[in-house]
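The values are calculated or read from the model by the stated rules, or taken from the named source; none is laboratory data. Keep in mind that this is a model prediction, so the values were computed, not measured. Backbone-built Cβ (ideal geometry, glycine too); neighbour counts: all protein chains shown. Note: accessible area is taken over every heavy atom of the protein model, side chains too, but ligands, DNA and RNA are not part of it. Shrake-Rupley method; radii C 1.70, N 1.55, O 1.52, S 1.80 Å.
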Amino acid sequence: MLYCRSQPFKICNICIVDEDFDSVSVSQGCLICLVLALGWALASYVRNREIKIMRRKMKEGNSLAFLSHDINDLEHSKQANLPRVTVVMPLKGFGEHNLHNWRSQITSLYGGPIEFFFVVDSVEDPAYCAVNSLISDFKDEIDAKVIVAGPSTTCSQKIHNQLVGVEKMHKDSKYVLFLDDDVRLHPGSIGALTVEMEKRPEIFIQTGYPLDLPSGTLGSYCIYEYHMPCSMGFATGGQTFFLWGGCMMMHADDFRNDNYGVVSGLKDGGYSDDMTLAAIAGAHKKLITSPPVAVFPHPLASDLTFSRYWNYLRKQTFVLESYTTKVNWIMNRALFTVHCYLSWGFVAPFFMSSIHIAAAFCNYSNGKSPEITSCGGLFLTGCLAVCTTIELISMWNLTRIEVHLCNMLSPEAPRLSLASYNWGLILIAMLVDNFLYPISAIRSHFSQSINWSGIRYHLRNGKIVQIDRSKDKGPLYTDLAAKHLYNRKGSSPKVSFLGSLARSWAHWRQPKKYDS
């Protein structure tokens, strides 16, 4: 029986919750859905505006609009005057999509002088032989080499690889572009980033963002859902406060001269390259921009399990534990609190709505009058369903536009499609991911250590203070792309999600015993 207003309501004589609280919870869930829908709608507008510009240029006779809006900029005289760019790609492991991604990077149609550095920590890394083989296929067509950086001692291995690559860059390089090995570039991406840097010298960093292509597993859809809210901050078409480490173009002199402490800030205990550089940009009021064409296809592993998704989420929440300044620490704590509140604030209304539906079904089964089912409960449930539908439509629309934009920017590549997207699984992934995020964030806060690609990092006061390495104690594969991390025989043991949580709990309780 249900009682209205400030009375608790019951399902089959079991007291559940106060209805005023329920009303606030569901209303909050509706508001979160609508805010997300609005954010994705604005992001869709920015990306779609770029599509319209490209279409108009094509109608005007510029068939190479995917490279440049002004076809005159593609003349040899102008291309020859483009500045030198050094592309640094820190590598770890080798997986199913790496060759395609690397090929898209080194076959860029950038007209100026350019060099590519693939940086690994040792020759034992499977990426070492794979990328050497790829470079040999192109022989003298490109300026590319593999650099062995050695193990890091004061920062994360990725940052160490990046800094070693920067040390090797050509003395005339004006810009350095950091790319992750899971970035699939468009032919004109490097040119678009460079031209924007030339137009606006005040830009400190240019960045982009990936468009996840789920493989069909729940884990891959959870990662897609996790990245989608962040896409709003990168679809501004200009200034942004967000930074993605997978694509960052910066002034080479900032590294040569350690301007604003970019080198020392990364080298001295740096864990996350993008979080550290974003903090430096904020402290010195430097400009970060994200051009509308900087959206890159990111195919996820075909066998991406739920346990690998959980490991990835752990790494993402652990990033908030690293910081460079007190202000940076405050910002991370605020982001931690807001994200946790909104995540469970999104999930709770669905739980409350399921109670209302169960109550209605229970009363209907007992032959009771519909009038006593709830006092507005089913109405709120209906509102939540409508708002969730609006949110999903807005997410679908942004994904559709970004897929179309990627197809236009890479006309030679296989066509991307929304046909494989399962929107029922996406709704489930939204609930699962938002439920697990606070758990992962709290776990990261109290652990202060993380295993990243077989290397365990320990933090203190936001910086790395200890690095433990052992092939035998780390995973055989990375999380998103199922990349082999080591040249060794054997297969990765299948670990369930519950098993992964059990291992995390065991390490939390006794970290030294677990690592030994």
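Considering (1) more than 30 Å from residue 237 (Cβ to Cβ); (2) open to solvent by less than 10 Å² (accessible area, probe 1.4 Å), say which one residue 162 fails and leave the rest.
Only one criterion in (1) more than 30 Å from residue 237 (Cβ to Cβ); (2) open to solvent by less than 10 Å² (accessible area, probe 1.4 Å) is unmet by residue 162, namely (1).
When residues of the range 274-287 are filtered for being within 17 Å of the chain's Cα centre (by Cα) and farther than 30 Å from residue 418 by Cα, how many remain?
The total comes to 4.
Can you pull out every residue in the range 279-311 that is open to solvent by less than 30 Å² (accessible area, probe 1.4 Å) and part of a helix (DSSP H, G or I)?
279, 280, 281, 307, 309, 310 - these are the residues of the range 279-311 that are open to solvent by less than 30 Å² (accessible area, probe 1.4 Å) and part of a helix (DSSP H, G or I).
From the residues in the range 83-114 that are modelled with pLDDT of 95 or more, open to solvent by less than 40 Å² (accessible area, probe 1.4 Å) and touching a Pro at 6+ places or on another chain (Cβ under 9 Å), which one is farthest from residue 148 (Cα to Cα)?
83
How many residues are within 28 Å of residue 184 (Cβ to Cβ) and without any contact (Cβ under 8 Å) to a residue 24 or more places away in the chain when one looks only at the range 255-295?
1
Can you find, within the range 32-62, the residue that is surrounded by the fewest Cβ atoms within 10 Å (Cβ to Cβ) among those that are more than 17 Å from residue 404 (Cα to Cα) and in contact (Cβ under 8 Å) with a residue 60 or more places away in the chain?
Filtering first and then ranking leaves 38.
Under 9 Å between Cβ atoms, which residue pairs at least 6 apart in sequence (or on different chains) link something in the range 63-82 that is farther than 14 Å from residue 293 by Cβ with a partner that is among the hydroxyl-bearing types (Ser, Thr, Tyr) and open to solvent by 60 Å² or more (accessible area, probe 1.4 Å)?
Filtered contacts from the range 63-82: 71/63.
Within the range 293-342, can you find the residues that are more than 15 Å from the chain's Cα centre (by Cα), within 28 Å of residue 193 (Cα to Cα) and polar (S, T, N, Q)?
324, 328 - these are the residues of the range 293-342 that are more than 15 Å from the chain's Cα centre (by Cα), within 28 Å of residue 193 (Cα to Cα) and polar (S, T, N, Q).
Would you point out which residue out of 190, 142, 147, 203 is at pLDDT below 95 and touching a strand residue (DSSP E or B) at 6+ places or on another chain (Cβ under 8 Å)?
Values: 190 fails: at pLDDT below 95; 147 fails: at pLDDT below 95; 203 fails: at pLDDT below 95.
One residue alone meets the criteria, 142.
Could you tell me whether residue 195 is open to solvent by 40 Å² or more (accessible area, probe 1.4 Å) and within 30 Å of residue 416 (Cα to Cα)?
On the way: open to solvent by 40 Å² or more (accessible area, probe 1.4 Å): yes; within 30 Å of residue 416 (Cα to Cα): yes.
Taking the combined requirement at face value, the residue satisfies it.
Quick one: residue 490 ticks every box in (1) assigned to a helix (DSSP H, G or I); (2) at pLDDT below 55; (3) not charged (D, E, K, R) bar one, so which box is it?
(1)
Condition (residue is at pLDDT below 55, crowded, with 17+ Cβ neighbours inside 10 Å and not acidic (Asp, Glu)) applied to the range 414-423: is it met by at least one residue?
Scanning the range 414-423, I find no residue that is at pLDDT below 55, crowded, with 17+ Cβ neighbours inside 10 Å and not acidic (Asp, Glu), so the answer is no.
So in the range 203-252, with the set limited to residues that are in contact with a Lys or Arg (Cβ under 8 Å, 6 or more places away or on another chain) and of a type outside the set (Gly, Ala, Ser), which one is farthest from residue 284 (Cα to Cα)?
This residue is 251.
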